[in-house]
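Reviewing the structure listed below.
Nothing in this text is a laboratory measurement; each read-out follows from the coordinates by a stated rule. Keep in mind the model is a prediction, meaning the values are calculated, not measured. Cβ: placed from backbone, ideal geometry, glycine included. Neighbour counts: every protein chain shown.
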């Protein structure tokens, strides 16, 4: 055997040694995708997580825990919050406007008094 | 035979709708394992299974009187389960954004022994790489839901479901590598 053939052979042997046993079976399994048996095992593992007395716990929790708010309740809460915000904003706006008007009026009154005093001055 | 069992189921649902506790209990017992399996496929976390399954069944009991067609109970229940899981995954994602270093939000690996085979582990890993919507699609198919039922659940057409399912299967296959 030529030295290069021998080298090729040992390269192939080295490469082949990297494959673990059952390589062909694994390739076929990977190519075909998960089998129904795998899915069944997956479901079985899930089912095995439920502790005994599951139904009784669900029924008692359903009675005990208050229900989640309905869409209508959530909508009502949103509308209520929005109305409260608008009323608050309007109130604050009108109140600050009122204070500003009072302040302006007082300034004008003071100016008027100064003018009047100036008019009455000899 | 199948029509007899579906009639019996519709009858059971009607009794549960009227508030009969034994019927509600029977419904939970009949579906708890399937719902738990679905939740596990959706979340990949065994510590979420009990809590999320409980949430699904509590929602079921509270919303049962709004179910118009008792014969469609199964697809309605799995729609509830899908929405509950997707809500949970969304909340988890949001929490991860706001509390990136919160210990409880880390992706905790399954405890040893929880996963018993390399194929199962590969399936869990592949599912975790998919979008929750695609995971739900595959899990619903595995639960025996028809394309029409899934289309109704997702509010889309059967053709769209088939296309999405095809893509989801392709993605799953890409990531499925049994070690």
Handout entry: Segments classed as helices (runs of 4 or more DSSP H), wholly inside region B:114-179, with at least 3 members that are free of Cβ contacts under 8 Å to residues at least 40 places away in the same chain and more than 9 Å from chain A (Cβ to nearest Cβ)
Key = B:132-142, B:147-154, B:158-175
Exercise for the section: For region A:72-117, name all the residues that are surrounded by 10 or more Cβ atoms within 10 Å (Cβ to Cβ) and under 30 Å from residue B:51 (Cβ atoms). Expected result: A:73, A:74, A:75, A:76, A:77, A:78
Practice task
Exactly one condition in (1) more than 8 Å from chain B (Cβ to nearest Cβ); (2) exposed (fewer than 11 other Cβ atoms within 10 Å of the Cβ); (3) touching a helix residue (DSSP H, G or I) at 6+ places or on another chain (Cβ under 8 Å) is not met by residue A:69; state its number.
Solution key: (2)
Completion exercise
Given the conditions (1) over 34 Å from the mean Cα position of the chain (by Cα); (2) more than 30 Å from residue B:55 (Cβ to Cβ); (3) facing chain B (nearest Cβ under 9 Å), every one holds for residue A:22 apart from (3)
Practice task
Only residues that are over 20 Å from residue B:126 (Cα atoms) and more than 7 Å from chain B (Cβ to nearest Cβ): list them for region A:25-58, please.
Solution key: A:48, A:52, A:53, A:56
Exercise for the section: Go through region B:51-84 and count every residue that is over 21 Å from residue B:144 (Cβ atoms) and crowded, with 19+ Cβ neighbours inside 10 Å. Expected result: 5
